[in-house]
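Working notes, structure below.
What follows draws every value from the coordinates through simple rules; no lab data is involved. Computed from a predicted model, the values in this text were never measured in an experiment.
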Amino acid sequence: MFRMPMPAADIEAMIKDSFPDAKIEIRDLAGDGDHYSATVISEAFRGKSRVQQHQMVYAALKGKMGGMLHALALSTSAP
């Protein structure tokens, strides 16, 4: 199955839609538009476990994980 790469700007925009206060840094790890790392810092994560925080980010990506977006290494925290 052929996958179109997902631009980092699209990933950032989708995360920003769900977490308007977030500080977001996206890095393309392999230069292929398919393997990224994301650091997301948002007040919405306060009091949540790391797993809950990551689930919130994956939810913000609206099912793109595993499809358009193959791999995303996440680092999340509250400010």
**Prompt:** Hey, what number do you get for the chain at 222 nm if only DSSP H runs of n ≥ 4 count, each worth -39500 (n - 2.57), divided across all residues, to the nearest 500?
**Reply:** -8500 deg cm²/dmol
**Item:** Cut-off under 5 Å, modelled amide H: who pairs with residue 76 long-range
**Value:** 40
**Asked** Against the longest principal axis of the chain, how steep is helix 8-18, in degrees 0 to 90 to the nearest 10, with axes from Cα atoms?
**Response** 30 degrees
**Request:** Hey, can you grab everything whose amide H is under 5 Å from the amide H of residue 36? Only 5+ residues off in sequence or another chain; H modelled, so Pro and N-termini drop out.
**Result:** 29, 71, 72, 73
**Fill in**
Candidates 59, 44, 30; GNM for the chain (alpha-carbon contacts under 10 Å) flags as most fluctuating 30
**Asked** Taking only the alpha-carbon atoms of the chain, what semi-axes of the equivalent ellipsoid follow from 5 times the gyration tensor eigenvalues under a square root, in whole Å, largest first?
**Response** 22, 12, 11
**Fill in**
In degrees rounded to 10, the 0-90 angle between helix 50-60 Cα long axis and the longest Cα principal axis of the chain is 60 degrees
